[in-house]
Amino acid sequence: EGYKTTEDLIKFLGDQDLGLDDEDFKFINKQKIKGQNFLRLNADKLMNDAPLYFQYLASKVYCVSSGAWEDITQLHDCLKKCFNLEGPLENYAFFINNKEMDFVWTKMQIIDFLKQQKCSGDNPVRIFGKKEEKADTDSNKLIDFTKEEKEVVRKAFDRAFKDPSDLSKRFMLFINKCLRKYETTSEYYAPYTTLIQASGTGKSKLLMNFAENVMTVYCCLRDSKSSGYPSRSHIAKTLLDEFNHERKAIVTYLAYICACFQKMQEFNGSCKKWIDEHTNNNSQEDFWKDVERRMTNIILDLMKYQSDRTMAEGINKYFDGQKIIIGEGSVKCLFAFDEARTLVNQKVEGKSLFCYVRRALKLLPKNVGIFAIFTDTHLSISNFTPVYYLDPSKRVAEEGSQLFNPFYLLDTVDINIEMMDMNREFRYVPKLKESENPQHFFQYGRPLWGALLSPSDKVEGFKPERIIELAVDKLI
């Protein structure tokens, strides 16, 4: 009350431990604020003009006014211009006073947090590039393919799907049966199953064949350094983020499902065109960037809910008014997580990411026709389908604890051998010349061997020695 001039007021405020800096004092001076007029300042105006300070590695400190952005996307754009940041926001970590800034917060929450941490030109938010992901040990030992060999692998994968035993039909019936049980009973925990089988037996190929008839969201989670095929999906980095708390993980997976379903509702085209659009290396980045943009908005919305129950009610709006998705059977959308061991290996608050994906699936409305499948090689089934008393996420199950049996892919061995239907029993009658050729025997065993030997009529396949080297690498 005794400070009649602006200079007096600034001097008084500077002596107090209020976290004010030069920018704040410039604003007060500019507005000619004095005495009790200070108490009548518009709180929103102060909030809108709050200066926030950022530094990327050892760069100069930049001030970004809170009035320059309205949401996290716009703030990201400002920071990209200041520091020439490349890639999505998720590529970077933001720390102040050794505390990480979480970008699922609202604008008000971010500003409040930075004020509490006394963000200033001398104490800015420091931006770091996230450390490279650790390579999976199983993926590390895979052979490095040359550019030409990668093309052979791609051609081998694109060969026509051989299905003499109606495997795809049985798989379709199995998935539909599981979903019907989940929708009509309260016995099961979540709408998902597993497909665990050795490498090279055709797991991914079966999923791609299924996707030509049913809308499927396919995501390959293999290690970024792996030479395997299909290659890692662009969205995998977002789904395998180093989440700082379990709520962020659950919300992210729910946002992923909601965003993909939302995009699917807007899609006009065949099931095959849909799967091609987000698995083709030439087009998938644009597809997944749009999904990530949608996820950002959905995450901000879902973080408002404080419990699983309220969140389950909150996500209903993302599935209301759904159009009929064309496809075969009761499953309208299959979410496929290929090479899913990374979900088991990576943990948040002591539990694997897989547990949080399961919880997200459990929160979905039962009547939308969504089902999920997790695939990998030689992984213990108990990692994906733990018995109830060992399940770390059982505490959230209000009803239903049963898990669906895995689907076993066992009848693709020797599929490359030309079969003859002898009294309805498949039997091969070899020719003498074929038996004399050592390469003939690469058609036996896993489908991968024969496919790499003869990927197509126009592309020369692997030499036998190279296939043996790959087989040894995968088997030992």
Kindly work out what percent of the DSSP beta bridges joining two residues of the stretch 162-396 are antiparallel, to the nearest 5. 10 percent
Taking 59-65, 265-271 and ranking on average Cβ neighbours within 10 Å, highest first, one gets 59-65, 265-271
When only C-alpha pairs under 8 Å and at least 6 residues apart count, what is the relative contact order of the stretch 162-396, in percent? 33 percent
Using 1/(1 + (r/R0)^6) with R0 = 25 angstrom and r between the beta carbons of Thr73 and Arg154, what's the FRET efficiency to the nearest 0.05? 0.10
Listed here are the pairs Lys205/Lys289; Lys107/Lys272; Lys81/Lys347; Lys304/Lys347; Lys225/Lys273; which of them are more than 32 Å apart at the Cα? Lys107/Lys272; Lys81/Lys347
Size of the dipole of the stretch 162-396 about the Cα centre, Lys and Arg at +1 and Asp and Glu at -1 on the beta carbon, nothing else charged, in debye to 20? 380 debye
Per-peptide average of other Cβ atoms within 10 Å, ordering 88-100, 292-304, 360-372 highest first: 360-372, 292-304, 88-100
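All of the numbers you see were taken from the coordinates with simple rules; none came from a lab. Note that this is a predicted model, so its numbers are computed, not measured. FYI the Cβ positions are ideal-geometry reconstructions off the backbone, even for glycines, and counts take in every protein chain you see.
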